[in-house]
Amino acid sequence: QKVGVFGYFTEYGHFNLDFRITSAPPESAQIQLSPTALIKTAPVGATVTDTMTISNTGGGPLHYSITDRDRFDEMSGDLPWLIEDPPTGTVDAGASVDVIVTFDTNGLTPDSAYDALIVVSSNDIVNPVDDIIVRLTTQPSNAIGDDGGLTPSGGTLPRSFALSQNYP
């Protein structure tokens, strides 16, 4: 629907420009995600966490739902190594909620990078889908045993050691 007309004259004649101004009603939800990216490095076999914040800068309640997927494959579906809690919820106007993001490196390949998107769908009428870029880089585990045989399975490398003289 047309909201207004702006008319102007040039040397080529008279022109009218129809325009429409769109904005969210003041009582609608408006999503804001923070941070814009989560980047983690962890050894294989570890579980680490970080926090993302969903804020509602609008005037009405924000209902959200979180999924994740491979960053470069839209059809990949939910990733088992990336967990968001809570995955759904409601944020009151002017409020925020923290979402715990868990990175589970069990079963992942050491010395590898995993790229994902955390996709947040909401009832924000201007920005109904927003996302956060995720990168997880895995390192070799410091557990030895099954592959090295130096300590029982699940053992860890010593964090310190001492040298002393061995002569009288």
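Any read-out appearing in this document is the output of simple, stated calculations on the displayed coordinates, not a laboratory observation. What you see is a predicted model; the values in this text were computed from it and never measured. FYI the Cβ positions are ideal-geometry reconstructions off the backbone, even for glycines, and counts take in every protein chain you see.
With K and R counted +1 and D and E -1, the other residues having a Cβ less than 10 Å from that of THR138 yield a net charge of 0. Please label the shape of region 36-80 as rounded, prolate or oblate, based on the square roots a ≥ b ≥ c of the eigenvalues of the alpha-carbon gyration tensor (a/c under 1.5 means rounded; beyond that, a/b larger than b/c means prolate, else oblate). The shape class here is oblate. Taken over the Cα atoms of region 49-147, the convex hull encloses 102 Å³ per residue.
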